[in-house]
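Step one of this worksheet: look at the structure below.
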Amino acid sequence: MRLRQGDINKDIDALLVGIRSVKDRVGENCTWTIADVLLSVIQGTSLFLIDGNDVSVSYVKEINSGKDKQLWVWVFYADSGDAFNKYLDDFKCVANNLGCKSIGLSTSRRGYEKYKDIFEYVISEYRINLDENN
């Protein structure tokens, strides 16, 4: 496995670069803040993994009415540009070690359509944004 457990104190610079890069790419559709991710790592509710400047933050969530666990890959960033493909075997290893039955992610990026042979498309999210007057 190339990814190792990150140390928030020693690896904070790489983590911040990764989080900011992902947040900037997602743009105005981003539903989380940098503080959300950092707090979850500090509190130990998320797993921070690192390989050089490549970072991932994930957590385990219950699915199927609590019957199964899923490794949810929340943030993933690689200097090379395709962190998910680069570290897919690592994510599988982590998921298996944590007793997860699947790996999930959410993205607005259309580039992940090239992985349709790997992914099972489960659900779309539709959102109504409310302004201050609604």
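Table: residues versus (1) in contact with a helix residue (DSSP H, G or I) (Cβ under 7 Å, 6 or more places away or on another chain); (2) among the charged types (D, E, K, R).
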site	(1), (2)
Met1	yes, no
Lys10	no, yes
Ala14	no, no
Val17	no, no
Asp24	no, yes
Gly27	no, no
Cys30	yes, no
Asp36	no, yes
Leu39	no, no
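Residue-by-condition table, conditions (1) small (Gly, Ala, Ser); (2) in contact with a strand residue (DSSP E or B) (Cβ under 7 Å, 6 or more places away or on another chain); (3) over 27 Å from Asp117 (Cα atoms):
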{"residue": "Arg4", "(1), (2), (3)": "no, yes, yes"}
{"residue": "Leu16", "(1), (2), (3)": "no, no, yes"}
{"residue": "Glu28", "(1), (2), (3)": "no, no, yes"}
{"residue": "Thr33", "(1), (2), (3)": "no, no, yes"}
{"residue": "Val60", "(1), (2), (3)": "no, yes, no"}
{"residue": "Phe76", "(1), (2), (3)": "no, yes, no"}
{"residue": "Ala83", "(1), (2), (3)": "yes, yes, no"}
{"residue": "Phe91", "(1), (2), (3)": "no, yes, no"}
{"residue": "Asn96", "(1), (2), (3)": "no, no, no"}
Check your understanding: Restricted to segment 1-22, and to residues that are of a type in the set (D, E, K, R) and surrounded by fewer than 16 Cβ atoms within 10 Å (Cβ to Cβ), which residue is nearest to Val75 (Cα to Cα)?
Key -> Arg20
Review point. In segment 68-88, which residues are within 22 Å of Asp11 (Cα to Cα) and either at pLDDT below 90 or charged (D, E, K, R) (or both)?
Key: Asp79, Ser80, Gly81, Asp82, Ala83, Phe84, Lys86, Leu88
Practice item. Just one of (1) assigned to a strand (DSSP E or B); (2) modelled with pLDDT under 95 trips up Ser65, so point out which. Key: (1)
Check your understanding: Taking segment 85-107 on its own, how many of its residues are in a helix (DSSP H, G or I) and either touching a Leu at 6+ places or on another chain (Cβ under 7 Å) or within 15 Å of Arg4 (Cβ to Cβ) (or both)?
Key -> 8
Review point. Could you list, in sequence order, the residues of segment 3-53 that are of a type outside the set (Ser, Thr, Tyr), within 21 Å of Gln70 (Cα to Cα), touching a residue at least 24 places away in the same chain (Cβ under 8 Å) and not in a helix (DSSP H, G or I)?
Key: Leu3, Arg4, Gln5, Gly6, Trp32, Leu47, Phe48, Leu49, Ile50
**Study point:** Condition met for Ile50 (β-branched (Val, Ile, Thr), buried (at least 16 other Cβ atoms within 10 Å of the Cβ) and either at positive phi or modelled with pLDDT of 75 or more (or both))
**Key:** yes
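The values are calculated or read from the model by the stated rules, or taken from the named source; none is laboratory data. Predicted model, so just to flag it, every value in this text is computed and none were measured. So basically every Cβ, Gly included, is an ideal-geometry build from the backbone, and we count neighbours across all protein chains shown.
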